[in-house]
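Novice: Below you'll find the structure I mean.
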Amino acid sequence: MPTINFILKDGTTRAVEAPIGQSVMEAAIRNNVRGIDAECGGSCSCATCHVYVDDAFLDKLPAPDDMEQELLDGVAAERRPGSRLSCQLPLSAELDGIVVSVPAQQA
């Protein structure tokens with residue numbers, strides 16, 4: 001199973017293993033990762049699962065669609081080049097070791 005390395009608000013790292021096909025958001029919720037609210041449950045309608053993806057993994061991800069782009073425009077924390085909604089990031093073997101940082105606020 002791929003491992004996701006969540007950089008939490010306090011700077012600590014939390015490593016979580018999750019099955020291929022599960023989203024980064026689902027893995028965070030199932031493993032009680034603090035700072036990923038996911039109020040809509042993963043339907044890409046709330047932007048409370050915002051994360052910053054490490055540059056080394058950006059090319060391995062599908063490009064954000066128009067809906068994700070629109071929601072990213074309204075995130076509570078600063079939008080950066082690596083900003084993504086974790087509900088839109090399905091895990092694959094290629095993403096093993098992915099590093100995502102949790103922003104200071106979600107809402």
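Novice: Normalised by the residues of the chain, what does the relative contact order come to in percent, with Cα pairs under 8 Å and at least six apart?
Specialist: Averaging sequence separation for qualifying contacts and normalising by length gives 41 percent for the chain.
Novice: I need the phi-derived Karplus couplings for the range 42-57: 6.51 cos²θ - 1.76 cosθ + 1.60, θ = phi - 60°, integer Hz, Gly and Pro marked x.
Specialist: Calculated HN-Hα couplings, in order: x, 8, 6, 9, 10, 6, 9, 10, 4, 9, 9, 7, 4, 3, 5, 10 Hz.
Novice: Something else now. Pop a pseudo-label 7 angstrom from the Cα along the beta-carbon direction at both Leu58 and Ala15 and give the gap in nm to one decimal.
Specialist: Placing both labels 7 Å beyond Cα along the Cβ direction yields 2.6 nm.
Novice: Rounded to whole Hz and in sequence order, give me ³J(HN,Hα) for the range 68-74 from the Karplus expression 6.51 cos²θ - 1.76 cosθ + 1.60, θ = phi - 60°, writing x for Gly and Pro.
Specialist: Couplings: 5, 4, 5, 5, 5, 5, x Hz.
Novice: Right, another one. Counting only the backbone N, which residues of the range 84-107 are under 15 Å from the spot 7 Å out from the Cα of Met67 toward its beta-carbon?
Specialist: Answer for the range 84-107: 85-90.
Novice: Would you kindly state how much longer the chain becomes between Asp96 and Asn31 on full extension, computed as 0.36 nm times their sequence separation minus their alpha carbon distance, in nm to one decimal?
Specialist: Stretched out fully, the Asp96 to Asn31 stretch lengthens by 21.7 nm.
Novice: Taking a temperature of 37 °C and a viscosity of 0.692 mPa s, what whole-number D in µm²/s does Stokes-Einstein yield for the range 1-51 with Rh from Kirkwood over alpha carbon pairs?
Specialist: So the translational diffusion coefficient is about 291 µm²/s.
Novice: Could you pull out every residue, at least 5 positions away or on a different chain, whose amide H is within less than 5 Å of the one on Cys46? Hs are placed 1.01 Å off N in the peptide plane, and Pro or chain starts have none.
Specialist: Those lying under 5 Å, H to H, from Cys46 are Cys40.
Novice: Another one. So what are the three principal axis dimensions of the chain from its Cα atoms, in whole Å, longest to shortest?
Specialist: Principal extents (Cα only, largest first): 32, 28, 25 Å.
Novice: Additional query: When all C-alpha to C-alpha distances in the range 33-84 are sorted into bins of 5 Å, what percent of pairs does each bin hold, rounded to whole numbers?
Specialist: 4, 20, 30, 27, 17, 2
Novice: Something else about it: 5 Å is the cut-off here: which amide hydrogens, built 1.01 Å from N in the peptide plane, fall below it relative to Leu61, excluding neighbours closer than 5 in sequence?
Specialist: For Leu61, no residues qualify.
Novice: A follow-up question, please. Divide by every residue of the chain the summed helix terms, -39500 (n - 2.57) for each DSSP H run of at least 4, and state the resulting mean residue ellipticity at 222 nm, rounded to the nearest 500 deg cm²/dmol.
Specialist: Helix contribution divided over all residues of the chain: -4000 deg cm²/dmol.
Novice: What list of ³J(HN,Hα) couplings, whole Hz, do you get for the range 2-17 from phi and the Karplus terms 6.51, -1.76, 1.60, once you set θ to phi - 60° and write x for glycine and proline?
Specialist: Per-residue couplings from phi come out as x, 9, 10, 9, 8, 8, 7, 4, 7, x, 7, 10, 10, 8, 10, 8 Hz.
Values in this text are rule-based calculations from the coordinates and carry no lab data. As the structure is a computational prediction, the values presented were derived from the model and not from experiment. Because the Cβ atoms are built from the backbone with ideal geometry, glycine has one as well, and the counts that use them run over all protein chains shown.
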